[in-house]
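Have a look at the structure below before the remarks.
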Amino acid sequence: MKRIVLKVGTAVLTENNNIAKERMLNLVSLIAELKKKYDVVLVSSGAVAAGYSALKLDKRKQIGKKALAAAGQPILMTSYKKKFDIYNIDTAQILLTEDDFDSRKRTKMFQEIIDAHLENDILPIVNENDITSTPDQLFGDNDQLSANVAFAIGAEELVILSDIEGYYDMNPKEHADAKLRKKVTVLTPGELMDEATPSSFFATGGIVTKLKAADFVMRRGIDMFLCNGFDLTAARNYLLNGKQTSGTLFTTE
């Protein structure tokens, strides 16, 4: 089966510092459909935001963020488990850091773990290990993590579900005439250097981190599809029906 990595961001998964249960259920329902056609690996943000429902700490401070992640990761995974149980899908938690991709032994280990999960019809749910790692061991956002996971496990496609429709030629919040770029084959150095603008207090990315993820996978022969995670119609049409009705496809073809 074709192998894909699906990444979902904090803005999609949470609302008012709580898990957005309906949106999570919609995501889980889509993954249940996708698993009939693909081997799916989910890269999920949301632990720090979920932790804020239990601890009111400042995530801008290193210890505060770690404590929030520690409290929020089980909340996030419990929420996923309850919803995947509806579809009789078993899940596994995998926490990684940038260091896991720099060591041949460690990389091979998590590659084999993910392979074993997929071979046994278990859905791997990957997140960054904020808790025990130092800042220089972290990617800092799950867009970069998902791109590296996609390459490491031999995925053929990375799909990022975001709070935007795709990649526009101008900022759509500032320009009413901004046009969605449905296909991108080249990213310029300037595009990869623009300021990141995460829309949620607990989000760590922005459009630039997504462009950097796209650049990383495109250089390695992997396509990336960026689309709306609030309304999964574009993702469903693209992945299940082979039709691009919205979103942006980053590809070298």
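Of note:
- On the principal axes of its alpha-carbon atoms, the range 10-125 has extents of 40, 37, 18 Å, going from largest to smallest.
- DSSP bridge orientation in the range 1-70 - percent antiparallel, rounded to nearest 5: 20 percent
- Per-pair calculated FRET efficiency, R0 = 25 Å: Ile131 and Asn171 via Cβ, rounded to 0.05: 0.15
- Calculated [222 nm] ellipticity per residue, helices only, for the chain: -12000 deg cm²/dmol; basis is -39500 (n - 2.57) per DSSP H run with n ≥ 4, divided by all residues, nearest 500.
- Inter-label distance, nm, simple model (7 Å from Cα along the C-beta direction), Glu33/Asp99: 4.1 nm
- Residue-by-residue Karplus 3J(HN,Hα) for the range 116-133, coefficients 6.51, -1.76, 1.60, Hz, glycine and proline x: 5, 4, 5, 5, 9, 6, 9, 8, x, 10, 9, 9, 7, 8, 6, 6, 9, 8
- If you sort the three axes of the alpha carbon gyration tensor as a ≥ b ≥ c, you get a/c of 1.5 or more for the range 132-182 and a/b no higher than b/c, which makes it oblate.
- Globularity index of the chain is 0.95 (Cα radius of gyration / 2.2 N^0.38 Å, N = number of residues).
- Gyration tensor verdict on the range 112-253 (Cα atoms; rounded if a/c is under 1.5, prolate if a/b is larger than b/c, oblate otherwise): oblate
- Two-site label geometry, Asp115 and Asn237: point separation in nm, points 7 Å out along Cα→Cβ: 3.8 nm
- Accessible carbon and sulfur surface of the chain relative to its total accessible area, %, 1.4 Å: 49 percent
- Based on protein heavy atoms only, the chain ends up with 48 Å² per residue of surface accessible to a 1.4 Å probe.
- Candidates Asp136, Asp215, Asp100, ranked by Gaussian network fluctuation over the chain, Cα under 10 Å, top entry: Asp136
- When both bridge partners sit in the chain, DSSP labels roughly 20% of those beta bridges antiparallel.
- Note on Lys82 and Ser53: their simple-model spin labels are 0.7 nm apart, each label 7 Å out from Cα toward Cβ.
- For Thr245 and Glu156, the difference between the fully extended length at 0.36 nm per residue and the C-alpha to C-alpha distance is 30.0 nm.
- FRET efficiency for Thr188 and Gln62, using Cβ-Cβ distance with R0 set to 41 Å, rounded to 0.05: 0.75
The values are calculated or read from the model by the stated rules, or taken from the named source; none is laboratory data. Note that the coordinates shown come from a computational prediction; the quantities given were computed from them, not determined experimentally. Every residue, glycine as well, gets a Cβ built from its backbone with ideal geometry; the counts of neighbours run over all protein chains shown. With ligands, DNA and RNA removed, areas are computed over all heavy atoms of the protein, side chains included. Shrake-Rupley method; radii C 1.70, N 1.55, O 1.52, S 1.80 Å.
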